[in-house]
Amino acid sequence: MRPATRTPAHQTDTLAELVCSNSFKSMETGNAHGLLKAEMRRLGSLVLAVADTARVPGGTALAVDRIAFARGMQERVAAHPNITIVRGEVTELPEAGVVATGPLTSDRLTAAIAGRLGAKSLAFFDAIAPIVAADSLDHRVLFRASRYGKGEGDDYLNAPMDEAQYDAFVAALVAADQYEPSHEFDKTPYFEGCLPVEEMARRGRDTLRFGPMKSVGLADPRTGGQPFAVVQLRREDRAGQMWNMVGFQTRLRTGEQRRVFPLIPGLERAEFLRMGSIHRNSYVNAPATLSPHLAVQDNPLLLFAGQITGVEGYTESAASGLLAGLNLARLLAGEPPLVPPPTTMLGALCQYLVACDPARFQPMNANFGLVEPLDPPLRDKEKRKAQLVERALRDIETFAAAIGAAVVV
């Protein structure tokens, strides 16, 4: 195991230092992050076992003492008889191993990854628009249509605005609190083709309605006329459970996104499956470069894990690393790799990474919109979620037995 030299974000030399939040999010299985944790525990997650020992009060969230957590991880790893910790910068890719680097990957390792996968396969900044759940939208207000009837003619959901609604929305955007990074390394340049939606709003009253909110080529079937402005939602998955707010990449704080974006007609009660963001990141175009078990396509023994694969968050990164470790052990023993089914949260995340359209690939966090829908579907949201959880826990149990995973305490 070769931890890199300290990055600008790190303050100590301990393993698994938490440089952002001290929370691994919800423990409740009715929450996507809680379900993912339950699956990880069944697969023998050391990260969660140590987090339990360092837990501090945090309601239903798994919040930890940063120092105790990092120290506990280091002690457990260092004490393992089959692990040798080698400190230094990793500058080359191994023939067999797991590459689990993150947003501040060093220049030399970045060059090695780009050389192996192709320079166009790497991204260095997120520009992420929010994703909302289809069943939380008011479809009485939204209308289906593609601009000028292109594509299938009804590929997008459209939220029409009149002039008063548009002006109120722009005013709220301009006044909203924007996240300002505290570290120099996280300050991202703005590109004209990918400006935050609030930055466009600040450039003038009509900038948005002649940009991502233009209504040209769209007619509201209820009025027969062209709306003053339109917010378009694009399907993110085949089942139509997740819809992306087109052109709405943003640096607004999470609370502000939840306050301002429901001003859009039809989104008054929207459930946000992924919040928008723009920040420093390093990740590969997973669907274009990685195999189903997250290895490079020409070498099944060279796996990738963590944020470099395009997952977002502590729990998601740890989960991908857990699966990569289990599969590398299998491969070295001459056994084939295994991936959980998309009925589980971990399997659904993996499927997103490799099955997403490479041209539109963006990092993703755990959410129920990724999970394979029930067949037949259930309209009752709470009952549907309960059945999704029950099925996921049942299927991860089967997968854990197949891969030979043991619970870690």
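Structure above, values below:
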| quantity | calculated |
| --- | --- |
| Nitroxide proxy distance, nm - points 7 Å out along Cα→Cβ at Arg144 and Cys20 | 3.5 nm |
| Using alpha-carbon coordinates, inclination of helix 66-78 to the longest axis of the chain, degrees | 40 degrees |
| Peptide ranges 48-58, 66-76, 373-383 listed from the most packed, as the mean C-beta count within 10 angstrom indicates | 66-76, 48-58, 373-383 |
| Ranked packing of 213-219, 30-36, most packed first, by mean Cβ within 10 Å | 30-36, 213-219 |
| Over the chain: helical MRE at 222 nm, DSSP H runs n ≥ 4 each giving -39500 (n - 2.57), nearest 500 | -9500 deg cm²/dmol |
| Cα-based helix-to-principal-axis angle, 107-117 vs the chain, degrees rounded to 10 | 80 degrees |
| Rounded percent of accessible protein surface that carbon and sulfur make up, the chain, 1.4 Å probe | 54 percent |
| Solvent-accessible heavy-atom area per residue, rounded to whole Å², over the chain at 1.4 Å | 46 Å² |
| Reciprocal of mean inverse Cα separation for the range 273-357 (Kirkwood radius, Å) | 13.2 Å |
| Cβ-derived FRET efficiency at R0 41 Å, Ser106 paired with Asp154, nearest 0.05 | 0.30 |
| Diffusion coefficient, µm² s⁻¹, Stokes-Einstein with Kirkwood Rh over alpha-carbon pairs of the range 294-409 at 25 °C and 0.890 mPa s | 162 µm²/s |
| Folded to 0 to 90 degrees: helix 314-332 orientation relative to the chain principal axis, Cα | 50 degrees |
| For the range 53-117, convex hull of alpha carbons as volume per residue, Å³ | 148 Å³ |
| Cα-only radius of gyration and Dmax that characterise the range 198-325, units Å | 19.0, 58 |
| Highest-first arrangement of 252-265, 162-175, where packing means the average Cβ count within 10 Å | 252-265, 162-175 |
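The values are calculated or read from the model by the stated rules, or taken from the named source; none is laboratory data. A quick note: this is a predicted structure, and the numbers were derived from the prediction, not measured. So basically every Cβ, Gly included, is an ideal-geometry build from the backbone, and we count neighbours across all protein chains shown. We work out accessible area using only protein heavy atoms, side chains counted, and drop any ligands, DNA or RNA first. Shrake-Rupley method; radii C 1.70, N 1.55, O 1.52, S 1.80 Å.
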